[in-house]
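Peer 1: My questions all concern the structure below.
Every number in this text was worked out from the coordinates using simple rules, so none of it is lab data. Note that the structure is predicted; figures quoted are calculated from it, not measured. Here the Cβ is made from the backbone with ideal geometry for all residues, glycine too, and neighbour counts use every protein chain on show.
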């Protein structure tokens with residue numbers, strides 16, 4: 001298994017990593033906007049901004065990492081279906097890209113360097129690797 005970095009489809013990896021990060025933010029934003037709409041409908045006017053902020057903080061604390069983990073595995077699995085070689089390497093690089101973007105987003109929102117960020121980065125890289133490995137196993141099983 002001699003792989004070089006010239007055989008890697010970098011555009012596919014970069015786009016997949018960006019999709020993971022963008023969709024996780026987009027999903028949390030849509031859910032929070034829906035909650036704000038429900039509060040506004042119930043209040044017949046302007047909703048309670050403190051309740052919306054609390055909901056968004058709680059939701060983003062557990063839902064965004066969970067969504068990023070699920071998406072990393074699924075997108076690594078989907079993205080590696082169209083290539084012919086180095087499935088696990090592509091999946092690992094997608095996981096590393098998603099982990100880097102996730103860490104960068106957390107730094108932009110005021111988080112500090114903490115061991116949990118490093119552990120989450122490793123988890124995303126591992127899930128990307130698992131997605132690529134899953135595709136490799138599925139392609140080997142087909143006749």
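Peer 1: How tilted is helix 49-79 with respect to the longest principal axis of the chain? Cα atoms for both, answer in degrees (0 to 90, nearest 10).
Peer 2: Around 10 degrees separate the two axes.
Peer 1: Can you tell me the orientation of helix 87-108 relative to the chain, as the angle in degrees between its alpha-carbon axis and the longest Cα principal axis, to the nearest 10?
Peer 2: 30
Peer 1: Then there's this: At 222 nm, what value in deg cm²/dmol follows for the chain if DSSP H runs of at least 4 each add -39500 (n - 2.57) and the sum is divided by all its residues, to the nearest 500?
Peer 2: On the way: 4 runs with 114 residues, N = 143.
Only helices count here, giving -28500 deg cm²/dmol.
Peer 1: On to the next question. Compute the angle between helix 115-141 and the longest alpha-carbon principal axis of the chain, please, reported from 0 to 90 degrees and rounded to the nearest 10.
Peer 2: Tilt of helix 115-141: around 50 degrees.
Peer 1: Using r as the Cβ-Cβ distance of residue 44 and residue 118, and R0 as 41 Å, what FRET efficiency do you calculate, to the nearest 0.05? Mind showing how you got there, number by number?
Peer 2: Details: r = 47 Å, r/R0 = 1.15.
For R0 = 41 Å, the calculated efficiency reads 0.30.
Peer 1: If you wrap a convex hull around the alpha carbons of region 1-90, what volume per residue comes out, as a whole number of Å³?
Peer 2: Cα convex hull per residue, to the nearest whole number: 102 Å³.
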